[in-house]
Amino acid sequence: MRLGILCLFFILTLLSCNEYTPRPKGYQRVVRQPVEYLEFSNKDFSFLYPNDTYIESLISQTKSETWFSLHYKQYNATLHCTYIPLSNQDLNKILDDSYQLAYGHVSMAQGISQTQFSDSLHQTFGIIYDIQGAVASPVQFYVTDNTTNFLRGSLYFDQIARADSVAPVVSSIRKDIVYIMESLKWKNR
């Protein structure tokens, strides 16, 4: 009798579980090793960058603009940077271009926040744009001395990724961007 009740209970349990629900896919945990900082220097400026990245040699120098990229190979990410000397340029136009590039993501963004940056000792002032959502560039920034120098950067991933899966990486690279901005020194002031 007990065996019959136990078998009936077991059969009813198996029949009641007719739908299998798998666990949702997870993302790998991102753990970044401690980094040291190296100096990047050219004729116009210098800054410190993490040693787990490498800087691609100058891609192009057109109209006195200097283009370079910091590559995060382990994250498939690149921080594209442009330096523009302001001697022949209009600062308001360049600031507007930088604003337009950041807010060009507004149609796909869930939100855009701005963080002001200021270091009067090194004469560096700027903004970091944090762009939330499924956007091509989750972090952009610029730094200027308001008279002769302007440096702009945009973070891009080499492959399409979900915003929640790269959030720890974006947070880590954003800290690097802040460190670059803090360590930036203009040479032609």
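The values are calculated or read from the model by the stated rules, or taken from the named source; none is laboratory data. The structure displayed is predicted, hence computed values, not measured ones. Cβ placement follows ideal geometry from the backbone for every residue including glycine, while neighbour counts extend to all protein chains displayed. What goes into the accessible areas is simple: the full protein's heavy atoms, side chains included, and nothing from ligands, DNA or RNA. Shrake-Rupley method; radii C 1.70, N 1.55, O 1.52, S 1.80 Å.
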Take the residues of region 80-115 that are modelled with pLDDT under 90 and of a type in the set (Phe, Trp, Tyr): which is least open to solvent (accessible area, probe 1.4 Å)?
-> TYR103
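Here is a check on your reading of the model: is PRO24 at pLDDT 85 or above, in a loop (DSSP other than H, G, I, E, B), surrounded by fewer than 10 Cβ atoms within 10 Å (Cβ to Cβ) and not aromatic (Phe, Trp, Tyr)?
It is false that PRO24 is at pLDDT 85 or above, in a loop (DSSP other than H, G, I, E, B), surrounded by fewer than 10 Cβ atoms within 10 Å (Cβ to Cβ) and not aromatic (Phe, Trp, Tyr).
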Turns out the strands (runs of 3 or more DSSP E) fully within region 116-175 with at least 1 residues that are surrounded by fewer than 21 Cβ atoms within 10 Å (Cβ to Cβ) and touching a residue at least 40 places away in the same chain (Cβ under 8 Å) are 124-133, 149-157
Given (1) of a type outside the set (Phe, Trp, Tyr); (2) on the phi > 0 side of the Ramachandran plot; (3) crowded, with 16+ Cβ neighbours inside 10 Å, where does ASN76 come up short, assuming only one miss?
-> (3)
Restricting to region 36-68, what's the tally of residues that are in a loop (DSSP other than H, G, I, E, B) and modelled with pLDDT under 90?
-> 5
